[in-house]
1. Residues that are at negative phi, assigned to a strand (DSSP E or B) and of a type in the set (F, W, Y): does segment 284-296 have at least one?
2. For F292, are the conditions met, namely being aromatic (F, W, Y), surrounded by 21 or more Cβ atoms within 10 Å (Cβ to Cβ) and in contact (Cβ under 8 Å) with a residue 24 or more places away in the chain?
3. Which of the helices (runs of 4 or more DSSP H) found entirely inside segment 87-187 contain at least 1 residues meeting this: polar (S, T, N, Q) and at pLDDT 95 or above?
4. Could you tell me whether V241 is among the β-branched types (V, I, T), assigned to a loop (DSSP other than H, G, I, E, B) and closer than 24 Å to I154 by Cα?
5. Sort out which residues of segment 63-82 are assigned to a helix (DSSP H, G or I) and under 22 Å from A181 (Cβ atoms), and write them in order of number.
6. Which ones in segment 246-269 are modelled with pLDDT of 95 or more and either among the polar types (S, T, N, Q) or touching a Leu at 6+ places or on another chain (Cβ under 8 Å) (or both)?
7. Of these, K90, K59, K65, which one is within 16 Å of the chain's Cα centre (by Cα) and of a type outside the set (A, V, I, L, M)?
8. Against the conditions (1) in contact with a strand residue (DSSP E or B) (Cβ under 9 Å, 6 or more places away or on another chain); (2) modelled with pLDDT under 95, where does V39 fall short? Just the number, please.
Amino acid sequence: MPDKTKIITTSSAQTRLIKNGMVYIQPTIIKKPLKPLFVLFAYAGENGAKEMLNAARFKEKRLRKRYPNANVRIINTFKYPSHFKAEWTKLYKYLTKSEIANEYSLWEVHYFGHGGPESLYLEKEGGRNGANSEIFFNDSDNMERLPWDPGKGIFVLHSCRGAAYEDTFIKEKVDKKICLANTISVKQSTRCLGQICYASFCPELLFDLSNTAEEEAKRFGYRPNAAKSKLLLERFSVNRVLWGYAITTGKTGLDIVNNHNRYLQCINKPYPIAHYVDVLSPENQIMPCRIFKNGTLVHKPIVVLNYFNKEDLEYL
């Protein structure tokens, strides 16, 4: 997709100078500060739409608290791949208008929805059996490259396993760290953050406006036990985040075991993600994310109980 991004960052003005009693007019170039723009995509299909939207709305609250002058918007009108692509194209056309490029800088896009190690999972196109339900952000999908801020720009995947290249179970892909977050970072020419395990909702009853963003994020560093989480999430419209957590119970725990066995069989090495879960599961702690930039893994997270990587606190 051709890059038609327009960058316009200056305006003109005049300055009055007085020398030896004479008034002189001097033209001046003024750099106009751009407002940060945050876009939150929330899946609107039949499986989890309400919960995804609640998580997006809570993220919106926290972003507005941290960046009071920013523009934060939620897009929650998609359930099929064609819907998502249409919204993406609409966003691209909006951001590349001259007047918008002169006002906003795209800092972050967040995706609240389903996904896997190589694609986003949506509903089957048109509800038809056998129809496409995935977006890979590859050449075939032909997603426009958004005009990301050069320093702040990042695509944050709250979906399951977006950076779990181990879960492709193909040695060549594991060796090259091929995963959805990697692909997006290449095709969008920006950073992309992905989860390395299955994402879960973590509930909270109170939103304390007196906390700093980092203090507030640390309140979601540990997920309540399964029974308490289920009670809060199902019976109350509580604030919630969507992130990867080190959980060994229920379907998530069983899936980790199955992935571990499959990885051993296919790759003939210990499954790294199972080790991370073993370290962090005593406290149901958040699993560290991975961030790719232009196809390169930019940092190796620290996996220590009761330690939080700054990237998780920043984008949780």
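1. There is at least one residue in segment 284-296 that is at negative phi, assigned to a strand (DSSP E or B) and of a type in the set (F, W, Y).
2. When the stated conditions are applied, F292 passes them.
3. Where helices (runs of 4 or more DSSP H) fall fully within segment 87-187 and carry at least 1 residues being polar (S, T, N, Q) and at pLDDT 95 or above, they are 180-187.
4. Spelling it out, it is not the case that V241 is among the β-branched types (V, I, T), assigned to a loop (DSSP other than H, G, I, E, B) and closer than 24 Å to I154 by Cα.
5. Of everything in segment 63-82, those that are assigned to a helix (DSSP H, G or I) and under 22 Å from A181 (Cβ atoms) turn out to be L63, P81.
6. Across segment 246-269, the qualifying residues are A246, N258, N259, N261, Q265, N268.
7. K59
8. Checking V39 against (1) in contact with a strand residue (DSSP E or B) (Cβ under 9 Å, 6 or more places away or on another chain); (2) modelled with pLDDT under 95, the one that fails is (2).
The values are calculated or read from the model by the stated rules, or taken from the named source; none is laboratory data. A quick note: this is a predicted structure, and the numbers were derived from the prediction, not measured. Heads up, the Cβs are rebuilt from the backbone with ideal geometry, glycines too, and the neighbour counts pull from every protein chain shown.
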